[in-house]
1. Sort 74-82, 93-101 by the packing proxy (mean of other Cβ within 10 Å over each peptide's residues), most packed first.
2. Got a number for the accessible area of residue 25? Probe 1.4 Å, square angstrom, nearest 10.
3. Compute the distance from the alpha-carbon center of the stretch 1-31 to that of the stretch 83-127, in whole Å.
4. Pulled fully out, how much extra length does the chain show between residue 105 and residue 88, if you take 0.36 nm times their separation in residues and subtract their Cα-Cα distance?
Amino acid sequence: MKEITAIIRIDMVNKTKDALLKEGFPSITCKKVMGRGKKKVAYELFQHVTSGEILTPVMAEQLSEQHRLIPKRMLIIIVEDMDVQKIIKTIIKVNKNGNPGNGKIFVTTVDDAVRVRTGEVGIEAIQ
């Protein structure tokens with residue numbers, strides 16, 4: 001089994017959910033998250049903050065723009081190994097627009113799963 005974690009834009013959640021449902025993957029978990037990408041951080045600006053100097057409006061703008069966290073959504077999907085590529089392609093197809101911030105997808109191995117209600121384990125617990 002695999003866990004697919006996708007970080008996507010807020011406004012793409014419903015389109016992604018609908019596309020996954022259409023492909024036969026109705027089960028997802030969605031969480032509100034905050035984060036930022038790899039935009040370069042201007043650490044020299046922090047020296048002014050920690051030294052007690054008053055920030056100029058330009059410096060304050062740079063700090064807030066370069067260090068702010070952006071609201072995103074994190075989708076978590078547990079699937080059989082054979083379904084991973086289909087889900088990844090679906091997520092990319094819906095979310096890719098060529099601009100920074102389209103998201104990231106991570107795939108990790110899941111050792112086991114247990115359905116609380118029935119005690120089913122493994123693949124049976126996620127189907």
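The values are calculated or read from the model by the stated rules, or taken from the named source; none is laboratory data. These figures come from a predicted structure and were not determined experimentally. Cβ: placed from backbone, ideal geometry, glycine included. Neighbour counts: every protein chain shown. All accessible areas refer to the heavy atoms of the entire protein, side chains included, with ligands and DNA or RNA removed. Shrake-Rupley method; radii C 1.70, N 1.55, O 1.52, S 1.80 Å.
1. Order by mean packing, descending: 74-82, 93-101.
2. 30 Å²
3. If you average the Cα positions of each part, the centres end up 8 Å apart.
4. 5.4 nm
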